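Written out below as structure tokens is the structure these notes cover.
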Amino acid sequence: MIKLFDTFTRKKRKFVPIEKGKVRMYCCGLTVYNYAHIGNLRTYIFEDVLRRMFEYNGFQVIHVMNVTDVGHLTSDADTGEDKVEMGAKREGKTAWEIAEFYTKAFLLDMERLNILKPTILCKATDHIKEMIELIKKLEEKGYTYLTDDGLYYDTSKFKEYGKLTGMTFKELNEKLKAGARVEFNPQKRNITDFALWKFSPKDKKRQMEWDSPWGVGFPGWHIECTAMSMKYLGEHFDIHCGGIDHIPIHHTNEIAQAEAATGKKFVNYWLHGAFLVLGPGIKMAKSAGNFITLQTLIDNGYDPLAYRYLCLTAHYRSELKFEFENMKAAMNSLSTLRENVRIMKGNLESKVNKRKIAKYKKEFLNAINDDLNMPLALSILWKVVRSKELNNQEKYELVLDFDRVLGLNLDVEVKVELTEEQKRLIEEREKARKEKDWKTADEIREKLRKQGIILEDTDKGVVWKKIHSSS
Ligand SMILES: [Zn+2]
């Protein structure tokens with residue numbers, strides 16, 4: 001049984017798919033006006049593990065992710081600049097070039113983090129027609145009104161507006177009013193109302209704009225995700241994911257749009273990933289200018305998958321504090337695991353106890369199926385690696401099996417080379433052992449240990465492994 005924590009009901013619920021054997025899930029992707037920061041990437045790693053968990057359980061997953069290449073404004077109140085056009089201005093490129101450049105960079109980051117390619121990756125600018133059709137439906141049903149700067153959604157008309165937040169329409173309006181940082185369009189009827197279609201400014205031409213029944217302009221950010229998710233997954237689908245910052249506005253508005261247009265329940269399970277923080281209450285954010293990219297980690301000598309490992313050490317619903325110290329520890333753990341796999345692989349045995357393997361697999365499955373308890377899953381991996389009751393063959397099979405979900409490439413060839421001097425010392429020690437000169441053999445072993453090389457005497461001869469010091 002798979003249990004997932006659903007934001008809407010605020011509890012763990014048993015997962016029941018709409019169609020047997022299939023999971024349809026939509027994940028909000030990146031706004032491509034800059035590099036993804038590692039806080040964004042934490043969310044995509046969580047979603048990838050979610051997908052892999054379903055696949056491990058034998059489900060076919062239809063994973064749709066969007067790329068927001070237009071319409072995401074710098075302010076949630078539908079004012080401010082379009083982030084992509086702002087990026088264009090900043091870098092002296094066209095908006096289209098900016099979107100293409102950062103989409104490519106995003107895809108590269110995903111690949112480096114071993115995030116499986118979404119079944120469908122869709123760009124907002126390729127789906128303007130679908131968005132206009134959906135807005136027309138909302139207009140026909142009386143949910144919209146015109147202002148000077150665009151066509152808006154009247155949130156007071158949607159009876160259950162705000163239900164994802166657990167607040168009523170009134171409570172949500174009051175909360176937003178109290179927290180409003182910017183002036184909003186005075187023609188808006190409610191502070192929670194949002195733009196479905198924004199008009200291009202009268203005095204200047206936007207780089208990205210389209211004709212619509214309401215005037216030349218561009219779509220609002222929220223309508224993009226609703227139109228694309230429904231196009232590829234249907235009007236009612238299993239799972240919608242994103243970061244927790246999407247709950248009060250973006251996903252709340254998506255529900256309002258979809259359910260008003262179709263009259264059906266939009267999504268069965270809402271899953272949200274917690275923030276990566278830099279300290280108490282300090283969220284990593286591009287707007288705050290305090291963000292770290294994956295490339296920064298790589299430039300500092302880290303394997304991108306060490307960051308993936310770090311993310312797996314915290315539950316996706318808990319904040320994760322980023323520190324380079326933690327990165328170092330994650331890097332060491334990953335290296336140690338790979339080194340262990342290398343040794344196992346070099347000393348495989350032919351006997352396998354199927355019952356023992358099944359016991360560990362079950363433990364692992366229970367952990368991942370319990371709302372993705374990845375810290376527990378990792379501890380089971382370590383238990384296997386360190387086990388005295390399992391032989392190398394059994395360990396190796398289990399590690400490869402678990403890695404289908406962990407995605408850490410544990411079986412990758414680690415290039416650890418011995419120096420000529422170290423090779424000579426190992427030979428010398430073998431010679432001493434043959435001559436039963438245990439004192440010399442032990443001295444050499446100790447000397448190598450100080451250099452980070454551990455020797456193990458097996459019935460197939462001596463094997464070595466490198467331990468990674470934390471310095
Ligand atoms: Zn979205």
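The values are calculated or read from the model by the stated rules, or taken from the named source; none is laboratory data. Keep in mind that this is a model prediction, so the values were computed, not measured. As a convention, Cβ positions derive from the backbone with ideal geometry for all residues, glycine included, and neighbour counts pool all protein chains shown.
Annotation: Gly289 fulfils all but one of (1) assigned to a strand (DSSP E or B); (2) at positive phi; the unmet one is (1). Considering only region 219-231, I want to know if a residue exists there that is hydroxyl-bearing (Ser, Thr, Tyr), more than 14 Å from the ligand (Cβ to nearest atom) and in contact (Cβ under 8 Å) with a residue 24 or more places away in the chain. No, region 219-231 has no match at all.
Taken together, Lys170, Lys198 contain a single residue that is surrounded by fewer than 22 Cβ atoms within 10 Å (Cβ to Cβ), in the same structural domain as Leu30 (by TED's automatic domain parsing), away from the ligand (no atom under 16 Å from the Cβ) and not in a loop (DSSP other than H, G, I, E, B), which is Lys170.
Given the criteria of a type in the set (Lys, Arg), in contact with a Lys or Arg (Cβ under 8 Å, 6 or more places away or on another chain) and outside the structural domain of Met344 (by TED's automatic domain parsing), does Arg449 qualify? No.
The residue that is modelled with the lowest pLDDT, counting only those in region 33-81 that are among the charged types (D, E, K, R) and more than 16 Å from the ligand (Cβ to nearest atom), is Glu81. Restricting attention to region 424-461, the residues that are among the β-branched types (Val, Ile, Thr) and over 47 Å from the mean Cα position of the chain (by Cα) total 1. Kindly indicate whether Glu259 is more than 13 Å from the ligand (Cβ to nearest atom) and touching a residue at least 40 places away in the same chain (Cβ under 8 Å). Criteria met by Glu259.
Only residues that are among the β-branched types (Val, Ile, Thr) and within 16 Å of Asp48 (Cβ to Cβ) were counted in region 357-382, giving 1.
All of (1) out of contact with any Ser or Thr (no Cβ under 9 Å at 6 or more places or on another chain); (2) more than 20 Å from Thr43 (Cβ to Cβ); (3) more than 16 Å from the ligand (Cβ to nearest atom) hold for Ala88 with one exception: (1).
Among the residues of region 234-253, the ones that are of a type outside the set (Val, Ile, Thr), under 20 Å from the mean Cα position of the chain (by Cα) and within 13 Å of the ligand (Cβ to nearest atom) come to 8 in all. Selection of region 75-102 for residues being in contact with a strand residue (DSSP E or B) (Cβ under 8 Å, 6 or more places away or on another chain) and among the β-branched types (Val, Ile, Thr) yields Thr79, Val84.
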